[in-house]
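The values are calculated or read from the model by the stated rules, or taken from the named source; none is laboratory data. Note that the structure is a prediction, hence the values are computed from the model and not measured. Using ideal geometry, Cβ is built from the backbone for each residue, glycine included, and neighbour counts are taken over all protein chains shown. Calculation scope for accessible area: heavy atoms of the full protein, side chains included, ligands and nucleic acids excluded. Shrake-Rupley method; radii C 1.70, N 1.55, O 1.52, S 1.80 Å.
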Amino acid sequence: LGLLYQEYRDKSTREEIETRRLQDSQTDPEETSPSEETPSEAEPTSTIENKAPPQINLLRNSNSRFNLWQDLPEVQSSGVLSILQPDEIKLQEAMFELVTSEASYYKSLNLLVSHFMENERLKKILHQSEAHILFSNVLDVMAVSERFLLDLEQRVEENIVISDVCDIVYQHTVSHFSVYITYVSNQTYQERAYKQLLQDKPAFREVISQLELDPKCKGLSFSSFLILPFQRITRLKLLVQNILKKVEEKSDRESTALDAHKELETVVKACNEGVRKMSRTEQMISIQKKLEFKIKSVPIISHSRWLLKQGELQQMNGPKTSRTLRTKKLFREIYLFLFNDLLVICRQIPGDKYQVFDSAPRGLLRVEELEDQGQSLANVFILRLLENADDREASYMLKASSQSEMKRWMISLAPNRRTKFVSFTSRLVDCPQIQCVHPYVAQQPDELSLELADVLNILDKTDDGWIFGERLHDQERGWFPSSMGEEILNPKIRAQNLKECFRVHKSDDSQRRKLGSRNRQ
């Protein structure tokens with residue numbers, strides 16, 4: 001717990017990656033893969049229960065460096081490790097990690113407030129409104145974390161063998177975690193304000209640089225502290241998932257973990273929607289200003305509309321049956337704006353403007369990949385509008401700059417089209433899987449940001465290094481570079497990953513098929 005949360009989180013995910021690598025390398029993974037979840041019959045004896053509660057104060061004892069529950073002197077001296085079943089020990093470790101990671105998180109939040117927010121030089125530089133945008137309601141977030149951690153600590157101190165923590169997670173998520181939604185929803189404005197302050201106020205830039213150099217920060221940037229709440233609420237959901245995979249099936253602890261996970265998922269979803277709503281509204285206003293309609297005008301701005309993909313493609317001017325391209329003049333540039341419910345087809349005109357010459361509802365789009373017709377027609381596909389702006393059917397032969405760009409457009413334009421690999425939700429095939437070993441930040445709306453140790457099903461991939469994947473823990477879909485991950489080759493490990501995923505989401509089975517496409521498609 002001497003670690004700041006950024007360090008703790010990185011260490012934990014790296015260990016998770018290495019564990020999965022080890023499991024994947026086994027020719028017979030049954031001994032090393034996670035065991036079947038079976039109820040543990042053994043319970044601590046009455047002599048253990050009657051011992052004085054161990055004083056494991058994580059909130060105040062910030063110099064403690066114990067990483068594992070079984071490493072605690074109180075646990076080792078109690079003899080409980082020789083009594084508990086291996087599965088119960090794994091469960092104890094999972095619950096203890098939730099507690100210790102919250103202690104590390106609180107320590108980092110405290111540093112954000114005491115070292116940065118309350119710095120007197122910084123206070124003099126920042127206007128009150130600037131400070132409010134930059135730090136938002138972080139004091140509320142820290143107060144909620146402290147109260148949460150104290151309750152977790154009290155539970156740990158009740159007995160050497162932790163009875164449960166998910167009931168505490170559930171209570172605090174329902175009653176207090178709405179502060180995370182407020183903080184995370186401000187993220188777009190926070191990032192913009194920070195960049196603007198660095199650019200416009202040299203004094204601000206200088207103070208931040210000096211504060212970052214303080215040994216307390218351990219080489220971590222100011223921005224890494226600002227994003228802590230969003231990272232924590234997402235990670236907390238994964239920690240509860242990890243507990244859920246280890247509790248006895250059909251037990252009270254499973255029921256409590258499912259309830260906690262459901263509430264956390266609601267908060268995380270609200271956080272994501274808050275961020276998206278802020279950025280989407282501004283993006284739609286910007287696009288609206290750039291469009292000039294050659295056809296009947298279509299209102300672009302809508303609360304229920306957002307951009308999925310935009311970019312330039314080459315439109316073939318000749319007939320669809322043409323097999324050869326003697327000159328590049330057969331193609332002309334067009335620009336597409338694809339929204340979740342609408343396609344707008346344009347030509348770029350001077351002044352960073354776009355002239356709209358056709359449109360269609362997204363539900364009335366169909367795509368067809370051309371068979372191999374030589375290099376000149378490589379990466380070409382047919383886009384059909386079943387009902388265009390003139391209420392007629394129209395077809396466009398379009399050429400993309402690469403195979404990955406072609407596939408990305410085809411999947412975005414027609415999301416229900418079958419991909420190379422069937423989605424795991426069918427439960428019918430052994431879908432290829434990949435684990436993330438390098439974090440990735442999405443650069444386009446159709447891409448998926450990845451965190452270390454994320455496990456994804458591979459739905460499609462291209463020869464030029466892109467993968468279309470579906471993350472197991474939240475069913476979010478998107479494209480990312482194949483270099484960000486390592487494929488999981490052991491079929492038994494893949495099957496185990498799917499089994500755990502189904503168990504986590506069995507309480508909302510009817511929603512599982514909707515989650516991935518709702519925001520991405």
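Checking every one of the trypsin sites (Lys or Arg not before Pro) in region 175-278 against DSSP loop status and a limit of 15 other Cβ atoms within 10 Å picks out LYS218, LYS250. Our Cα-only numbers for region 65-286 put the radius of gyration and Dmax at 20.0, 65 Å.
Considering only C-alpha atoms, what is the centroid distance from region 108-128 to region 433-478, in Å? If we compute the Cα centre of each part, the gap is 36 Å.
ILE434 sits with roughly 10 Å² accessible to a 1.4 Å probe, with DNA, RNA and ligands left out of the calculation. The apolar share of the surface of region 147-256, taken as the fraction of accessible area on carbon and sulfur atoms (1.4 Å probe, ligands and nucleic acids excluded), comes to 51 percent.
Over region 65-286, Cα pairs under 8 Å with separation of 6+ residues give a relative contact order of 27 percent.
The candidates TRP306, TRP69, arranged from most to least accessible area with a 1.4 Å probe in the full protein assembly, appear as TRP306, TRP69.
Straight-line cross-link reach from LYS289 at under 12 Å between alpha-carbon atoms covers these aspartates and glutamates, not counting any fewer than eight positions away in the same chain: ASP352. Under the definition of Cα pairs under 8 Å and six or more residues apart, what whole-number percent is the relative contact order of region 90-201? Computed over region 90-201, the figure is 35 percent. Here the gap between ARG366 and GLU206, fully extended at 0.36 nm per residue and compared with their Cα-Cα distance, gives a gain of 52.1 nm.
FRET efficiency for the GLU146 to ASP10 pair, using the beta carbon distance and R₀ = 22 Å, is estimated at 0.40. Ranked by solvent-accessible area (1.4 Å probe, protein heavy atoms only, all chains present), the residues VAL275, VAL437 order from largest to smallest as VAL275, VAL437. About the centre of its Cα atoms, region 65-286 shows a dipole size close to 1120 debye [charges on the beta carbon of Lys, Arg (+1) and Asp, Glu (-1) only; nearest 20 debye].
Can you list which of the GluC sites (Glu not before Pro) found in region 224-314 are DSSP loop residues with at most 12 other C-beta atoms within 10 Å? Of the GluC sites (Glu not before Pro), the ones in loops of region 224-314 whose Cβ has at most 12 other Cβ atoms within 10 Å are GLU249.
Over region 65-286, accessible surface divided per residue gives 44 Å², non-protein components excluded, 1.4 Å probe. At each listed q (0.10, 0.21, 0.22 Å⁻¹), what is the log10 of I(q)/I(0) that the Debye formula gives for region 130-249 modelled as equal alpha-carbon point scatterers? Relative scattering, expressed as log10 I(q)/I(0), comes to -0.43, -1.21, -1.28. In a fully extended conformation the segment linking GLN196 and SER483 would gain 100.0 nm over its present Cα-Cα distance, using 0.36 nm per residue. When the C-alpha to C-alpha distance is required to be over 24 Å, the pairs from LYS11/LYS216; LYS11/LYS492; LYS277/LYS309; LYS11/LYS246; LYS218/LYS262; LYS107/LYS499 that qualify are LYS11/LYS492; LYS218/LYS262; LYS107/LYS499.
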